[in-house]
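In what follows, a single structure is set out as structure tokens and then discussed.
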Amino acid sequence: MQNIGETDCCIVGSGPAGAVLALLLARQGVGVTLLEAHGDFNRQFRGDTIHPSTLELMEQLGLRDGLLRIPHTRHETLTLRTPRGVRPYLDFRGLHTAYPYVLRLPQPRFLEFVTAEASRYPGFRLVMSARVEALLEDDGPIRGVGYRGPGGWHKMRANLVVGADGRFSRVRELARLPSTKAAQPIDILWFQLPSRPGDPVTDGGLHVGAGGINFIRNRGQFWQIACLLPKGAYQRVRAAGLEAVRGAVAATIPWLDDRTSLLTSWSQTSLLVVESSRALQWHRPGLLLIGDAAHVMSPVGGVGINLAIQDAVAASNLLGSRLRQGTVRSPDLGAVQRRREWPTRLIQALQDLFLQHVLGDRVAASSQAWVGRAAEQVPFLRAVRTRLFAFGGFWPERVLE
């Protein structure tokens, strides 16, 4: 069975970038169809950090109070703990904003909140379990997508297709838009351990010690833990067994020693292959990439969601009226990339410098670690990093009413 639909804008991927762009366009009266490959939003180990610029956006849209009713925690700093002491590597307290902190809020609840708000507008449609497998091309320009979803094979014709389908973007692959990748010296092994009464009051952050480098964050009833592994070392870690992982965590974060025994199976873990990349070109006639589809960020600072949402705001501002008129042109799409590419590149560079500093001499690939260490000694660079991470650029994108 083949069904054919039409929309002004077809957004592929209902992550933060796709969901927020769909909401912003629907508010402008643009017909939007949002396609999500999964049947729900519940995936483990997704980013959960909401930065000041997103909080300012929610306030501008009149959605702040509803967002803050979702259970969350607030963090004014993210800390780095080493044998030499403790200090914040991101300190939001000095920012000139009503929200000098980040929220940790489960991403599935955030996506449900945003798409529920979008559903109030008549031009919005969300299709779950819709897996895009083809782009509809018309003598060059892209005019829609083909996807498998409820009821079989479907075609969705659109004046613009937006690929917001994450770091493994199928849309980017189908559009044959090449990426440039920066070498990253680590991968990350994620897992969870339960929280207990009497645990330290901490914003979470990086712990560097005899057991290696671990990142923790408080998810309420449990701690989410990331073990930073040398690139390509996962199979060696598997061969050493979970006992080695448990021992490394206990050596670095001793107060977790009383529960590391609860990590009993590799099925409790998830491996993130860390990369930092950018599409060389974010667009083709009839198609635009945003968020992780356009630029994959390293996990440093949890800034990926923030960058994705800032892309969505810029795309809405630059393309909304064009989409209503059906007159989106390639220069309009190029304007989105020009506006968002340089903040992205600068943030990726600062992420790399900080990672070099943290790794020091632990990982052979960090042969220029001295650059990162030197950068950490310059207060101006640390302040620039915090501002860029907080706002997705020197100044946050604001919705043009």
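The values are calculated or read from the model by the stated rules, or taken from the named source; none is laboratory data. Quick caveat: nothing in here was measured; it's all calculated off a predicted structure. Using ideal geometry, Cβ is built from the backbone for each residue, glycine included, and neighbour counts are taken over all protein chains shown. Only protein heavy atoms, including side chains, enter the accessible area calculation; ligands, DNA and RNA are left aside. Shrake-Rupley method; radii C 1.70, N 1.55, O 1.52, S 1.80 Å.
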Condition set open to solvent by less than 20 Å² (accessible area, probe 1.4 Å) and assigned to a helix (DSSP H, G or I), scope the range 166-223, selection nearest to Trp266 (Cα to Cα): answer is Val171
Consider only pairs whose beta carbons are under 7 Å apart and that are at least six residues apart or on different chains; among these, list those whose first residue lies in the range 137-163 and is without any contact (Cβ under 8 Å) to a residue 60 or more places away in the chain and loosely packed, with under 15 Cβ neighbours inside 10 Å and whose second residue is of a type in the set (Gly, Ala, Ser) and not in a strand (DSSP E or B).
Pro150/Ser129
Before we move on, is Ser195 of a type in the set (S, T, N, Q), within 21 Å of His38 (Cα to Cα) and modelled with pLDDT of 90 or more?
no
All but one of (1) surrounded by fewer than 22 Cβ atoms within 10 Å (Cβ to Cβ); (2) within 30 Å of Asn214 (Cβ to Cβ); (3) not acidic (Asp, Glu) hold for Gly291, so report the exception by its number.
(1)
Need pairs with beta-carbon distance below 8 Å; first residue more than 15 Å from Glu341 (Cα to Cα) and small (Gly, Ala, Ser) and within the range 385-401, second at pLDDT 90 or above and assigned to a helix (DSSP H, G or I); sequence gap 6+ or separate chains.
Ala390/Pro52; Ala390/Ser53; Ala390/Phe92; Ala390/Asn306
Say we look at the range 317-332 and pick out the residues that are in contact (Cβ under 8 Å) with a residue 60 or more places away in the chain and in a helix (DSSP H, G or I); which of these is most open to solvent (accessible area, probe 1.4 Å)?
Arg324
Given (1) closer than 15 Å to Leu63 by Cβ; (2) part of a strand (DSSP E or B); (3) of a type in the set (S, T, N, Q), index of the condition Thr115 fails:
(2)
Test: residue in the range 254-262 that is among the acidic types (Asp, Glu) and under 22 Å from Arg170 (Cβ atoms)
no
